[in-house]
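Visitor: Below: one structure in structure tokens.
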Amino acid sequence: MMIVDDVENGSLGPYQDRPRTFPNMRSKPYTPLIFRILMGINVRILVILLLLGFGYVFYIGASTSPIIVFVFSVCIISFLLSIYLTKWVLSKDEGPPEMAQISEAIRDGAEGFFRTQYGTISKMAFLLALVILGIYLFRSTTPQQESSGIGRVTSAYITVAAFLLGALCSGVAGYVGMWVSVRANVRVSSAARRSAREALQVAVRAGGFSALVVVGMAVIGIAILYATFYVWLGVDSPGSMKVTDLPLLLVGYGFGASFVALFAQLGGGIYTKAADVGADLVGKVEQGIPEDDPRNPAVIADLVGDNVGDCAARGADLFESIAAEIISAMILGGTMAQRCKIEDPSGFILFPLVVHSFDLVISSIGILSIRSTRDSSVKAPIEDPMAILQKGYSVTIVLAVLTFGGSTRWLLYTEQAPSAWLNFALCGLVGIITAYVFVWITKYYTDYKHEPVRTLALSSSTGHGTNIIAGVSLGLESTALPVLVISVSIIAAFWLGHTSGLVDETGSPNGGLFGTAVATMGMLSTAAYILTMDMFGPIADNAGGIVEMSQQPESVREITDVLDAVGNTTKATTKGFAIGSAALASFLLFSAYMDEVASFANESFKQVDIAIPEVFVGGLLGSMLIFLFSAWACSAVGRTAQEVVKEVRRQFIERPGIMDYKEKPDYGRCVAIVASASLREMIKPGALAIISPIVVGFLFRVLGHYTGHPLLGAKVVAAMLMFATVSGILMALFLNTAGGAWDNAKKFIETGALGGKGSDSHKAAITGDTVGDPFKDTAGPSLHVLIKMLATITLVMAPVFL
């Protein structure tokens, strides 16, 4: 990353001579290569190319199924709506010049880091693609692939192409999340000068743009891949692949999305929390200056981190969640349809795509339901933003129930079991209720309107140690209710599916696992609105920083403080939601892995016996992986934060005029330190996650070969995946909730409670918030991505373990 000379040397002149001016992080704006190519094409040629692209998409869709055409149509309409939202947000003014200058500094720092980070990730993705290609070229083929004429070479190239496409789409999803946030933050700041409701609406619509694009890309990417393989391989024609086996070819797409999401979450999480911790420890605790004060040398790095950690990483994260859930549900739907001899299995296979197409529709209605009021003034009483967002979520939930029921009747009705669709509709209702309860539980434990956070804040009045003890105990307690909810939902959905009336050739019920898959779809049926609420958080946080740095009136800062506090709750809520969906999706991928192993081994593989010593050891290794990964992620934040703390202290010592506004801090130096350190630190935990299951599976495969247990490697990996999922869910719940509660306990004190800002209680709460930062924004979010990536990597690498 290039830093302009005056930033690098700190030769900006006295602070009072250049009031409210802020440096750019690079010497010239950066535009991604793909956009530079598109902007260089003649408009007419570009229109023709787009029409040809649409024509191809709808041609393969029509050649596959009318359902695919419906999915394509909804996705394209949602993209058009996202363009409208973008224009609406960008039409808002950026406020006074000082606001625009700060926003440009944040934008340039974020885009510079994104370019470097994703350049590193893309190199690792190509290297892993070559490894996958080599494995698939020398692996055995399943009987189904042999009968359909798909050899090793074709299978290898299909998997690698799907992997790279998933990685590319995940990267684009991350860029979209960051692109809108760095342009919306200043517009929210400007809107806050007029009214809280308008600022809320701008932040929500900016988040809505990102959400619609992310979910739409996940759906249309899988739909295009499915339709292309369907047409290219001549599926269901004599001597070719059956449509029920086709979803297995999409697994590489989910792995590519998981791979990028993990490194995006790690790198972005390390960046944002290292900068945040460094800024808070020296600025707020040692120097006693407010959060986001322009005198803090790390403040720009902190605000950049909100965008690369919370927006770009979360976009890639939710993209991966949806892709993994859709693919696993398609696999289970196809398997069930094949076993139950259903005449037209396409409805069961394509059902997940339709559910998420309706998700785009209902979430759009929920987003547009949040409007500004006529009383548009700062003096108007501030409404509770959380209540407004909850109303939009309630609208989305009601519509989700209606559309889900209609979708099950449309696609899951079969003459073999006329009432099965109703059972599956109830499975979806279980998932929707689970999502709503998860949102409520997380809100209860992280919102300072409720007792847990207020009790945590009260513990700050007796010192730093009691704050830490109370926060840890709150996080541990918060794992109980979500686990009970997940347990009830899995069992309820399984038995609703099991009693649906769908049976195999032997008369055995066969809909249990698919019922769980439908519940997972129900839980994610409002994913676009949930992501909107998540994106709202960092945009509001950035807006507050811009207001503070540009020294706006206190009434404006009050509005952004309220939005920021609600944003902390919505971010924690989304993380809780993501953990719940990760638990269900991992369960589905685990089932798909066992089916995949059975296909390759050509023998039954339905149970994993942990009484076998080697299998039990695999489980221990899976649990150990979660703790070691979390430790490395948190220590990476700690090491990087130490560098920031040293740099900020150095600047305060060497430039004493900073505190009197006589010298300008060197913001660019902190940005450069955090960027380089986060890219370096993300490699070790990421490599651990990818290499561990492959090495463990291969070693125990070799051991099984010499001891006469041919499936030992696959069984050990299954136990490793099972234990890692259970441990990871609990650890992620603890980390996310404890971190969110510590943050909002600090916010509660900053409202004036327990002595307010600058009090001993406030300093103790800052310590707790500092401890919780790597918990909630680095290790916690990375864990639920890790859980799903372990499931997809074992599914893709299953031949290695046999």
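The values are calculated or read from the model by the stated rules, or taken from the named source; none is laboratory data. This is a predicted model, so every value here is computed, not measured. Positions of Cβ are backbone-derived with ideal geometry, glycine not excepted, and every protein chain shown enters the neighbour counts. Protein only, heavy atoms only, side chains kept; ligands, DNA and RNA dropped before computing areas. Shrake-Rupley method; radii C 1.70, N 1.55, O 1.52, S 1.80 Å.
Residue by residue, here is whether (1) farther than 30 Å from Gly288 by Cβ; (2) not β-branched (Val, Ile, Thr) holds:
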| residue | (1), (2) |
| --- | --- |
| Pro685 | yes, yes |
| Leu699 | yes, yes |
| His705 | yes, yes |
| Gly708 | yes, yes |
| Met720 | yes, yes |
| Leu733 | yes, yes |
| Lys746 | no, yes |
| Ile749 | no, no |
| Ala765 | no, yes |
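Visitor: Looking at Ala196, Ala191, Ala161, which one is open to solvent by 10 Å² or more (accessible area, probe 1.4 Å) and within 22 Å of Met533 (Cα to Cα)?
Guide: Ala196
Visitor: Same structure, new question: If we keep just the residues of the stretch 417-452 that are in contact with a helix residue (DSSP H, G or I) (Cβ under 8 Å, 6 or more places away or on another chain) and aromatic (Phe, Trp, Tyr), which is farthest from Gly507 (Cα to Cα)?
Guide: The extreme case among them is Tyr448.
Visitor: Select, from Lys763, Lys715, the only residue that is under 22 Å from Gln607 (Cβ atoms) and more than 29 Å from the chain's Cα centre (by Cα).
Guide: The conditions single out Lys715.
The rows are residues; the columns are (1) in a helix (DSSP H, G or I); (2) within 15 Å of Met722 (Cβ to Cβ); (3) of a type in the set (D, E, K, R).
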{"position": "Leu584", "(1), (2), (3)": "yes, yes, no"}
{"position": "Phe587", "(1), (2), (3)": "yes, yes, no"}
{"position": "Asp595", "(1), (2), (3)": "yes, no, yes"}
{"position": "Ser604", "(1), (2), (3)": "no, no, no"}
{"position": "Val608", "(1), (2), (3)": "no, yes, no"}
{"position": "Glu614", "(1), (2), (3)": "yes, yes, yes"}
{"position": "Gly618", "(1), (2), (3)": "yes, yes, no"}
{"position": "Ala631", "(1), (2), (3)": "yes, no, no"}
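Visitor: Sort through Gly501, Gly537, Gly507 and tell me the only one that's open to solvent by 10 Å² or more (accessible area, probe 1.4 Å), more than 15 Å from Ala420 (Cβ to Cβ) and at pLDDT below 85.
Guide: None of the other options fit; the residue is Gly507.
Visitor: Could we say that Ala779 is open to solvent by less than 20 Å² (accessible area, probe 1.4 Å), among the aliphatic types (A, V, I, L, M) and closer than 23 Å to Val644 by Cα here?
Guide: yes
Visitor: Hey, could you check the stretch 633-665 for residues that are in a loop (DSSP other than H, G, I, E, B) and out of contact with any helix residue (DSSP H, G or I) (no Cβ under 6 Å at 6 or more places or on another chain) and say which is surrounded by the fewest Cβ atoms within 10 Å (Cβ to Cβ)?
Guide: It comes out as Asp660.
Visitor: Ok, one more. For the stretch 354-363, indicate whether the set of residues that are outside any helix (DSSP H, G or I) and either open to solvent by 10 Å² or more (accessible area, probe 1.4 Å) or modelled with pLDDT under 85 (or both) is non-empty.
Guide: No, the stretch 354-363 has no match at all.
Visitor: State the number of residues belonging to the stretch 163-222 that are within 16 Å of the chain's Cα centre (by Cα), of a type in the set (Gly, Ala, Ser) and under 19 Å from Ile76 (Cβ atoms).
Guide: Qualifying residue count for the region: 6.
Visitor: Just to be sure I understand, how many residues within the stretch 757-789 are assigned to a loop (DSSP other than H, G, I, E, B) and of a type in the set (Ser, Thr, Tyr)?
Guide: 1
Visitor: While we're looking at this one, here's another question. Name the residues in the stretch 100-117 that are open to solvent by 30 Å² or more (accessible area, probe 1.4 Å) and touching a helix residue (DSSP H, G or I) at 6+ places or on another chain (Cβ under 8 Å), would you?
Guide: Arg107, Thr116
Visitor: Let me ask another. Output the residues belonging to the stretch 700-711 that are surrounded by fewer than 15 Cβ atoms within 10 Å (Cβ to Cβ) and assigned to a helix (DSSP H, G or I).
Guide: Val702, Leu703, His705, Tyr706, Thr707
Visitor: From the list Val277, Val285, pick out the single residue that is assigned to a helix (DSSP H, G or I), among the β-branched types (Val, Ile, Thr) and either surrounded by 24 or more Cβ atoms within 10 Å (Cβ to Cβ) or at pLDDT 80 or above (or both).
Guide: Val277
Visitor: Within the stretch 510-534, count every residue that is open to solvent by less than 10 Å² (accessible area, probe 1.4 Å), within 20 Å of Ser419 (Cα to Cα) and in a helix (DSSP H, G or I).
Guide: 9
Visitor: Which of the residues belonging to the stretch 598-616 are aliphatic (A, V, I, L, M) and either within 31 Å of the chain's Cα centre (by Cα) or at pLDDT below 85 (or both)?
Guide: Matches in the stretch 598-616: Ala598, Ala601, Val608.
Visitor: Can you tell me which residue among Ala435, Ala457 is among the small types (Gly, Ala, Ser), assigned to a helix (DSSP H, G or I) and within 17 Å of Leu733 (Cβ to Cβ)?
Guide: The conditions single out Ala435.
Visitor: Let me ask something additional. Just to be sure before I move on: is Leu456 closer than 19 Å to Lys575 by Cβ and surrounded by fewer than 22 Cβ atoms within 10 Å (Cβ to Cβ) in the structure I sent?
Guide: no
Visitor: In this structure, is Ser692 open to solvent by less than 40 Å² (accessible area, probe 1.4 Å), assigned to a helix (DSSP H, G or I), among the hydroxyl-bearing types (Ser, Thr, Tyr) and out of contact with any Ser or Thr (no Cβ under 8 Å at 6 or more places or on another chain)?
Guide: Against the criterion (open to solvent by less than 40 Å² (accessible area, probe 1.4 Å), assigned to a helix (DSSP H, G or I), among the hydroxyl-bearing types (Ser, Thr, Tyr) and out of contact with any Ser or Thr (no Cβ under 8 Å at 6 or more places or on another chain)), Ser692 qualifies.
Visitor: Taking Leu80 and the conditions (1) at pLDDT 75 or above; (2) open to solvent by 80 Å² or more (accessible area, probe 1.4 Å); (3) over 29 Å from the mean Cα position of the chain (by Cα), which numbered condition does it fall short on, given that it satisfies the others?
Guide: (3)
Visitor: Now for a separate question. If you take the residues of the stretch 43-75 that are open to solvent by 30 Å² or more (accessible area, probe 1.4 Å) and in contact (Cβ under 8 Å) with a residue 60 or more places away in the chain, which of them is nearest to the chain's Cα centre (by Cα)?
Guide: Ranking the qualifying residues of the stretch 43-75, first place goes to Phe70.
Visitor: Moving to a separate point now. Could you identify the single residue in Gly728, Gly708, Gly704 that is touching a helix residue (DSSP H, G or I) at 6+ places or on another chain (Cβ under 6 Å) and at pLDDT below 90?
Guide: Gly704
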